[in-house]
Amino acid sequence: MQTERVDLFTDGACSGNPGPGGWGVVLRYGDHERELYGKDPTTTNNKMELTAVIEGLAALTRPIPLVRVHTDSTYVLKGITEWMRGWKRNGWLTSAKKPVKNAELWQRLEAECSRHGEVAWEWVKGHAGHPENERADKLACKGRDEAR
């Protein structure tokens, strides 16, 4: 028996840092696909990368046994798989005892992940011809352009 699975392909975009930004998501469940995007008039690229994953997970209307998140953001990937444990242990402070940037988004991401069985993280090289990553990038750029 195959485990029920959803794939999320996510990306963020920003002009200036901070500046107008957007996020994009391609959700795939079997043969079904859905595209989502959003915008923020004053944001950062890292916030948009995080928001894309959060909004993709939030769009899932029920718990899913396996969600695979495909991201080109090493910030998101390392944050969730390596750094978060230490941040939480340190009361949301970095090893340099400074407040974690975007802590509220990391906490929202953790809450969204906890709704599902397993969330697996896969890094994809951005702007390298990965079809779904390119689609997510186009959606993020659409949001960014609308935010201008």
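The numbers here are math on the coordinates, done by the rules we state, and not lab data. Computed from a prediction, not measured in an experiment: that's the story for all the values here. We place every Cβ from the backbone using ideal geometry, glycine too, and count neighbours over all the protein chains shown.
With respect to the stated conditions, E35 fails to be of a type in the set (D, E) and free of Cβ contacts under 8 Å to residues at least 60 places away in the same chain. If only residues of the range 4-23 that are over 22 Å from K101 (Cβ atoms) and under 15 Å from the mean Cα position of the chain (by Cα) are counted, the one that is surrounded by the most Cβ atoms within 10 Å (Cβ to Cβ) is F9.
Residue-wise test of (1) outside any helix (DSSP H, G or I); (2) of a type outside the set (S, T, N, Q).
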position: E55; (1), (2): no, yes
position: V69; (1), (2): yes, yes
position: R85; (1), (2): no, yes
position: Q107; (1), (2): no, no
position: C113; (1), (2): no, yes
position: H116; (1), (2): yes, yes
position: K125; (1), (2): yes, yes
position: R135; (1), (2): no, yes
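Here E134, E122 are screened, and the one residue that is surrounded by 14 or more Cβ atoms within 10 Å (Cβ to Cβ), charged (D, E, K, R) and closer than 20 Å to E33 by Cα is E134.
Does I64 fit the bill of being of a type in the set (A, V, I, L, M, F, W, C), in contact with a His (Cβ under 9 Å, 6 or more places away or on another chain), in contact (Cβ under 8 Å) with a residue 24 or more places away in the chain and buried (at least 18 other Cβ atoms within 10 Å of the Cβ)? Judged against the criteria, I64 is a match.
Limited to the range 67-87, what total is found for residues that are surrounded by 15 or more Cβ atoms within 10 Å (Cβ to Cβ) and either over 18 Å from N46 (Cα atoms) or in contact with a Pro (Cβ under 8 Å, 6 or more places away or on another chain) (or both)?
Count: 2.
Regarding the range 28-46, can at least one residue be identified that is part of a helix (DSSP H, G or I) and either within 11 Å of the chain's Cα centre (by Cα) or surrounded by 12 or more Cβ atoms within 10 Å (Cβ to Cβ) (or both)? Yes: the range 28-46 contains one or more residues that are part of a helix (DSSP H, G or I) and either within 11 Å of the chain's Cα centre (by Cα) or surrounded by 12 or more Cβ atoms within 10 Å (Cβ to Cβ) (or both). Of the residues that sit in the range 92-105 and are in contact (Cβ under 8 Å) with a residue 12 or more places away in the chain and outside any loop (DSSP other than H, G, I, E, B), which one is surrounded by the fewest Cβ atoms within 10 Å (Cβ to Cβ)? This residue is A103.
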